[in-house]
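Structure, as structure tokens:
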Amino acid sequence: MKKSLGLFAVVMLLLVAVVGCGSAEAESEKDLTLDKFIKAYQDAGIEVDPEEKPMLTTPNEKDGVIFYIDNQKVAIYEYKSKKDADKAVSEFELMKDWPQKGAFLLETRNEQAVQIFESVK
């Protein structure tokens, strides 16, 4: 009886730890905004005009910004939700390799842009 009670306690602790870590990550993604991404690039010395918008091409895109680093296009697309961004990635083969954070997708081939995008919290 004591062994099974101890095993149950260990399983419950692991479950709480896993659920807690997952929700913390989800919470940080909910705090992401297009302005945070723009500020991260500007803080890195990259000129970003928040008024420059990419052509939105899927129905659930909410907003976005486009700029260039070393003559390479960088576009950040904001979706209404992470679920909508996931759906776009699953429907469009082209997007499968694009970095994603929550409801945001990054279109670029510039490694510096990818590093900055991934560092935003």
Violations at 20 Å Cα threshold for listed pairs K53/K83; K30/K62; K30/K82; K30/K80 -> K53/K83
A convex hull over the alpha carbons of segment 41-117 yields, per residue, a volume in Å³ of 88 Å³
Lys and Arg at +1, Asp and Glu at -1: neighbours of K96 with Cβ under 14 Å from its Cβ sum to -4
Per-residue accessible area, 1.4 Å probe, largest first, puts T108, T33 in the order T33, T108
With all protein chains present and a 1.4 Å probe, the order of F92, F117 from largest accessible area down is F92, F117
Ignoring ligands and nucleic acids, D31 exposes an accessible area, probe 1.4 Å, in Å² to the nearest 10, of 90 Å²
Using a 1.4 Å probe on heavy atoms of the protein chains only, the accessible area for L94 in Å², nearest 10, reads 130 Å²
With all protein chains present and a 1.4 Å probe, the order of E29, E61 from largest accessible area down is E29, E61
With K73 itself left out, Lys, Arg at +1 and Asp, Glu at -1 over residues whose Cβ is under 10 Å from its Cβ give 0
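The values are calculated or read from the model by the stated rules, or taken from the named source; none is laboratory data. Note that the structure is predicted; figures quoted are calculated from it, not measured. Reconstructed Cβ throughout: ideal geometry from the backbone, glycine too, with neighbour counts over all protein chains shown. SASA here: full protein model, heavy atoms, side chains in, ligands and nucleic acids out. Shrake-Rupley method; radii C 1.70, N 1.55, O 1.52, S 1.80 Å.
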